[in-house]
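Report on one structure; see the data block that follows.
The values are calculated or read from the model by the stated rules, or taken from the named source; none is laboratory data. Quick caveat, the model's predicted, so the values are computed rather than measured. Because the Cβ atoms are built from the backbone with ideal geometry, glycine has one as well, and the counts that use them run over all protein chains shown.
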Amino acid sequence: GFYPGYLYWGTGPYNVSDLLSGLNNDPNREGSYVYSIWSTADQIIGYGCIVYGQNTCRIPGQNGERAFYSAPYGHFGLKDLTGYYQLRMVRDHRTN
C-alpha cells in the first residue's frame, strides 16, 4: 500500500511501503510530463504537506506544480476546483 513508515526516536522513516519507495526512487517518469497539484491547507495530509520532514506532495522529477495555500483548496477542493489547471497541464503543459 501507501504506508508512509514510522519514526523511531526521531530517526527514520522506517518501513516505508515498497510501492512508495519504488516510485520515488525510480528515475524513469510515468509519462512525458509530470505535474503535481497540492495545498498547504490539506486536511488529510496536514498543513504544509510535510510528512516526516519531507514535502510529500511534490513528485521527484516533476515538470511543474501548482500549489494552493488556503481554503477552499484543501484535500477535496483540489480535485473539484482545479479543473482549469488540470486541463492546462494535460493539454498545454503549463501550470498557470
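Do you know which residues across segment 1-24 are surrounded by 11 or more Cβ atoms within 10 Å (Cβ to Cβ) and of a type in the set (Val, Ile, Thr)? Walk me through it before giving the result.
Filtering segment 1-24 down to residues surrounded by 11 or more Cβ atoms within 10 Å (Cβ to Cβ) leaves 3-7, 12-13, 15-17, 19-21, 23-24.
Scanning segment 1-24 gives a single hit, 16.
Hey, can you tell me all the residues within segment 25-45 that are surrounded by fewer than 12 Cβ atoms within 10 Å (Cβ to Cβ), farther than 23 Å from residue 87 by Cβ and not charged (D, E, K, R)?
Within segment 25-45, 25, 27, 28, 44 qualify.
Would you mind stating whether residue 50 is farther than 19 Å from residue 95 by Cβ, within 16 Å of the chain's Cα centre (by Cα), surrounded by fewer than 12 Cβ atoms within 10 Å (Cβ to Cβ) and hydrophobic (A, V, I, L, M, F, W, C)?
It is false that residue 50 is farther than 19 Å from residue 95 by Cβ, within 16 Å of the chain's Cα centre (by Cα), surrounded by fewer than 12 Cβ atoms within 10 Å (Cβ to Cβ) and hydrophobic (A, V, I, L, M, F, W, C).
Would a scan of segment 14-24 turn up a residue that is closer than 23 Å to residue 80 by Cβ and either of a type in the set (Lys, Arg) or modelled with pLDDT under 80 (or both)?
no
What number of residues within segment 1-39 satisfy the criterion of being part of a strand (DSSP E or B), in contact (Cβ under 8 Å) with a residue 40 or more places away in the chain and under 16 Å from residue 59 (Cα atoms)?
The total comes to 3.
Which ones in segment 64-96 are part of a helix (DSSP H, G or I) and surrounded by 13 or more Cβ atoms within 10 Å (Cβ to Cβ)?
75, 77, 78, 81, 85, 86, 88, 89 - these are the residues of segment 64-96 that are part of a helix (DSSP H, G or I) and surrounded by 13 or more Cβ atoms within 10 Å (Cβ to Cβ).
What's the number of the only condition in (1) of a type in the set (Gly, Ala, Ser); (2) part of a loop (DSSP other than H, G, I, E, B); (3) loosely packed, with under 12 Cβ neighbours inside 10 Å that residue 61 fails to meet?
Exception for residue 61: condition (3).
Can you tell me which residue is nearest to residue 25 (Cα to Cα) among those in segment 50-96 that are in contact with a Leu (Cβ under 9 Å, 6 or more places away or on another chain) and among the aromatic types (Phe, Trp, Tyr)?
52
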